[in-house]
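Remarks on the structure that follows.
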Amino acid sequence: MRPTQRTTNIARVELTQRDRDILDFERSWWHEPGSKDALVQERFELSIERYQQILAELLDSQEAYDHDPLGVRRLRRLRDRRRRARQEGATPRASGPPGS
């Protein structure tokens, strides 16, 4: 091993069923009747704030990316757009279906 190389011993944690369900839900929630907040509360028994915290953690995980690479990349792009808009003082577009 060269001196500039580093090894990491970060243990990979498998996604829980709830984690996979959240990622799957993000792929299609807008096709269901009702608001996203109500659907999250009904399906996951979580507040929208806690759901968003869990989703944010998932988006940074390699396991989530391995489960749904297209969905995770799309959600990361949306998150990055919102961050840039906040930093620039602009109002981000309303959240909606993918690609918006």
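Annotations
- The conditions of being out of contact with any strand residue (DSSP E or B) (no Cβ under 8 Å at 6 or more places or on another chain), among the small types (Gly, Ala, Ser) and modelled with pLDDT of 95 or more are met by residue 64.
- Top-ranked residue of segment 43-59 - restricted to ones that are of a type outside the set (A, V, I, L, M, F, W, C) and outside any helix (DSSP H, G or I), ranked as surrounded by the most Cβ atoms within 10 Å (Cβ to Cβ): 47
- Members of segment 22-58 found to be aromatic (Phe, Trp, Tyr) and more than 10 Å from the chain's Cα centre (by Cα), listed by number: 25, 29, 30, 44
- Among (1) basic (Lys, Arg); (2) at pLDDT below 95; (3) surrounded by 14 or more Cβ atoms within 10 Å (Cβ to Cβ), the one test that residue 84 misses: (3)
- For segment 60-71, a tally of residues being more than 10 Å from residue 19 (Cα to Cα) and buried (at least 18 other Cβ atoms within 10 Å of the Cβ) returns 2.
Residue-by-condition table, conditions (1) in contact with a strand residue (DSSP E or B) (Cβ under 8 Å, 6 or more places away or on another chain); (2) assigned to a helix (DSSP H, G or I); (3) at pLDDT 90 or above:
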| site | (1), (2), (3) |
| --- | --- |
| 2 | no, no, no |
| 6 | no, no, no |
| 19 | no, yes, yes |
| 33 | no, no, yes |
| 39 | no, yes, yes |
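The values are calculated or read from the model by the stated rules, or taken from the named source; none is laboratory data. Predicted, not measured: the structure shown is a model, and the values here were computed from it. Don't worry about glycine lacking a Cβ; one is built from the backbone with ideal geometry, like all the others, and counts go over all protein chains shown.
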